[in-house]
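The values are calculated or read from the model by the stated rules, or taken from the named source; none is laboratory data. Just so you know, these numbers come straight off a predicted model, no measurement behind them. All Cβ positions, glycine included, derive from the backbone under ideal geometry; neighbour counts span all protein chains shown. Each accessible area value is taken on the protein alone, full model and side chains, heavy atoms only, with ligands, DNA and RNA left out. Shrake-Rupley method; radii C 1.70, N 1.55, O 1.52, S 1.80 Å.
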Amino acid sequence: MNRKTLFNLSLLSALVVSNLSYAADSKLVMEVDIPRFNVAEYHKPYVAIWLEDSKRKATQLELWYDLDMKDNEGEKWLKDIRQWWRRVGRKAEQPFDGVTSATKGPGTHKVSMALNSKQFANLPAGEYQLRIEASREVGGKEVINIPLTWPPKATNFPLTALGKTELGKINIVLVND
């Protein structure tokens, strides 16, 4: 093997290793705003966040629903997050361990996802839609779609979107630890 080829292979190896360590030490940090409504009967929304590839294959990231209902009755209402239910929910194993938390009230909520987590472990490179869906009893439904290239690159961030009803501002940044 000549020196030029050896140098090119070394450079390529260094780039691959540096990109892997960059991804392993990085995380997506998302801020999701839930608007405050001045209504007589307010219920916190159920929220699902997932990635969907061009073939509509979904990767579940977050799920907020009422965990405190008697006899796990909160799971009964998950099908009201309609798009998520069709793409992920009805095929997924319940309970949704590792991605669930209690539903959140009005305000800005931070979600942090390590790029080396199991959700992203086998995610092939490509173009995706980050989908955030909210559904609220005696309220409305809303889905926000944000295009996202995988693996993420710092130059593509921040990503922002603005909901119209059930979701407010969405802000996503890539953070290196």
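Things to note:
- Checking each residue in region 109-155 for being touching a residue at least 24 places away in the same chain (Cβ under 8 Å), of a type outside the set (Ser, Thr, Tyr), open to solvent by 30 Å² or more (accessible area, probe 1.4 Å) and assigned to a strand (DSSP E or B) picks out His109, Lys110, Ala114, Glu127, Gln129, Arg131, Lys141, Val143.
- Scanning region 163-177 for residues that are closer than 24 Å to Tyr65 by Cβ and surrounded by fewer than 16 Cβ atoms within 10 Å (Cβ to Cβ) yields Lys164, Thr165, Lys169.
- Options Asp71, Asp80: the member that is among the acidic types (Asp, Glu) and in contact (Cβ under 8 Å) with a residue 40 or more places away in the chain: Asp80
- Pick from region 88-108, criterion open to solvent by less than 30 Å² (accessible area, probe 1.4 Å) and outside any strand (DSSP E or B), ranking: modelled with the lowest pLDDT: Phe96
- Unique residue being in a strand (DSSP E or B) and modelled with pLDDT under 90 when the list is Thr59, Thr5: Thr59
- Applying the set (1) farther than 18 Å from Ala58 by Cβ; (2) within 15 Å of the chain's Cα centre (by Cα); (3) of a type in the set (Val, Ile, Thr) to Thr108 leaves exactly one unmet item: (2).
- Glu166 being acidic (Asp, Glu) and under 19 Å from Val111 (Cα atoms): yes
- Val143 in contact with a strand residue (DSSP E or B) (Cβ under 6 Å, 6 or more places away or on another chain), modelled with pLDDT of 95 or more, more than 24 Å from Phe37 (Cα to Cα) and not hydroxyl-bearing (Ser, Thr, Tyr): no
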